[in-house]
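The values are calculated or read from the model by the stated rules, or taken from the named source; none is laboratory data. For clarity, every value in this text was computed on a predicted model and none was experimentally measured. Here the Cβ positions follow ideal geometry from the backbone for every residue, glycine too, while neighbour counts run over all protein chains shown.
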Amino acid sequence: MTWLITGGAGYIGAHVVRAMTEAGERAVVYDDLSTGRADRVPDGVPLVVGSTLDGERVARALTDHEVTGVVHLAAKKQVAESLSLPLHYYRENVEGLRVLLDAVTAAGVRSFVFSSSAAVYGMPDVDLVTEETPCVPMSPYGETKLAGEWLVRATGRAAGLSTACLRYFNVAGAARPDLADTGVSNLIPMIFEKLADDLPPHVFGDDYPTPDGTCVRDYIHVVDLAEAHVAAARALRAAPGRDLTLNIGRGEGVSVREVIDRVNTLTGHDRPPVVTPRRPGDPPRVVASADRAATELGWKARHAIDDMITSAWAGRQHPHPPTTARP
Ligand SMILES: NC(=O)c1ccc[n+]([C@@H]2O[C@H](COP(=O)([O-])OP(=O)(O)OC[C@H]3O[C@@H](n4cnc5c(N)ncnc54)[C@H](O)[C@@H]3O)[C@@H](O)[C@H]2O)c1
């Protein structure tokens, strides 16, 4: 079976490609390199450079490589950017997915794994977020992920495509320094950036209704996340007609203050944070119930927050070639 991995030259996609090939699956990467890098694609894995918006190129890649399953990670992912560029996000994330699904169903592909996000939940008012918690996204980015899930499920039902929508929580860490996330939109890279500039890390609000007043999130190591894709791909292949929606998290909350403390300790810094006003739209607590993924996939995260910080820090020290980023 050959899997087309869209976005396979990106941060998470590069880990998914490795996990899939190490598990004995054949993989082909489809990526427009807008934020990805060709050097992240391992030797021996074909790279087709193209946009998911280009239906003809997708269709050709599916037939040329005799693809039978797709893992779709290609998307734009910056929440703040999506607020100022909503049409761009809907085009890339929703229209790109629609075009891809059109080609996928025409080619008779049987399995489809979709990268969704905890952003679909918005501001959940529960201790542990289950897959039944209402989805009320707070940004165009979150909306595109929720609309993407609808498209995937509806197409799955209509075309007999087995589907899995994986709702990632806060992804961090790296399998190897060269595969680390080079963006600075997530908390851990943002703390690193401040420390590198000899500045104190920022805490955006310390008056939330949480134990230490700072926001609590569920951090998941990208290696664990990649393994969840392998488990999902196998579950779809083993039982055609499945329609899975799964949280991919650890089920453990870590506060912003705790993350900053661990970064200081693990990287040999001693920089107390400064507290700045809350950012609009930040929910106090978003922590997954990871029970369904354990039951359905037999998957459970193995890496704790310290592994995420140390591996991301090693990635920060590594010289990364520039991306060929386009707007
Ligand atoms: N990083 C996170 O914390 C996080 C959390 C939840 C969900 N996700 C989702 O995971 C997926 C991967 O995220 P990432 O962190 O690896 O981001 P990334 O930007 O590193 O990777 C995205 C990849 O997709 C490619 N791409 C983007 N638009 C494309 C298009 N239209 N056609 C073809 N290729 C395209 C980019 O070049 C890049 O290689 C995304 O769908 C994102 O929404 C990420």
Query - Every pair of residues 6+ apart whose Cβ atoms lie under 8 Å, when the first sits in segment 276-305 and is of a type in the set (Asp, Glu) while the second is surrounded by fewer than 19 Cβ atoms within 10 Å (Cβ to Cβ) and not in a helix (DSSP H, G or I) - result: Asp282/Phe204; Asp282/Gly205; Asp291/Thr130
Query - Number of the exception - Thr310 against (1) over 26 Å from Phe204 (Cβ atoms); (2) surrounded by fewer than 17 Cβ atoms within 10 Å (Cβ to Cβ); (3) within 20 Å of the chain's Cα centre (by Cα) - result: (1)
Report summary line: Residues of segment 243-267 being part of a loop (DSSP other than H, G, I, E, B) and either buried (at least 19 other Cβ atoms within 10 Å of the Cβ) or modelled with pLDDT under 95 (or both), in sequence order, are Gly249, Arg250, Gly251, Gly253
Query raised in the report: Here is a list of conditions, (1) assigned to a loop (DSSP other than H, G, I, E, B); (2) aliphatic (A, V, I, L, M); (3) closer than 30 Å to Arg278 by Cα, and Ala175 meets all of them except one; can you say which number that is?
Result: (3)
Report summary line: Checked against (1) within 26 Å of Arg18 (Cα to Cα); (2) touching a Ser or Thr at 6+ places or on another chain (Cβ under 6 Å); (3) surrounded by fewer than 24 Cβ atoms within 10 Å (Cβ to Cβ), Thr130 satisfies every condition except (1)
Query raised in the report: Going through segment 178-218 one residue at a time, which ones are in contact with a helix residue (DSSP H, G or I) (Cβ under 8 Å, 6 or more places away or on another chain) and in a helix (DSSP H, G or I)?
Result: Asp178, Leu179, Leu187, Ile188, Pro189, Ile191, Phe192, Leu195, Ala196
Query raised in the report: Hey, does segment 129-144 have a residue that's part of a strand (DSSP E or B) and within 19 Å of the chain's Cα centre (by Cα)?
Result: yes
Query raised in the report: From the residues in segment 70-88 that are among the small types (Gly, Ala, Ser) and buried (at least 17 other Cβ atoms within 10 Å of the Cβ), which one is farthest from the ligand (Cβ to nearest atom)?
Result: Ser82
**Report entry** Matching option when the condition is more than 30 Å from Gly122 (Cα to Cα), more than 9 Å from the ligand (Cβ to nearest atom), of a type in the set (Val, Ile, Thr) and in a strand (DSSP E or B), among Val28, Val67
**Finding:** Val28
Query raised in the report: Given the structure, is Leu53 of a type in the set (A, V, I, L, M) and near the ligand (Cβ under 10 Å from one of its atoms)?
Result: yes
Query raised in the report: If you scan segment 14-44, which residues turn out to be surrounded by fewer than 19 Cβ atoms within 10 Å (Cβ to Cβ) and within 24 Å of Ala238 (Cβ to Cβ)?
Result: Thr21, Glu22, Ala23, Gly24, Arg26
Query - Sole exception among (1) part of a loop (DSSP other than H, G, I, E, B); (2) away from the ligand (no atom under 15 Å from the Cβ); (3) not small (Gly, Ala, Ser) for Thr21, by number - result: (1)
Query raised in the report: Cβ-Cβ below 7 Å, separation at least six or inter-chain, first residue in segment 32-51 and part of a loop (DSSP other than H, G, I, E, B), second of a type in the set (S, T, N, Q) and at pLDDT 95 or above: which pairs?
Result: Asp32/Ser51; Pro42/Thr21; Val45/Thr21
Query raised in the report: Counting only residues that are buried (at least 17 other Cβ atoms within 10 Å of the Cβ) and of a type in the set (Lys, Arg), which one in segment 174-224 is nearest to the ligand (Cβ to nearest atom)?
Result: Arg217
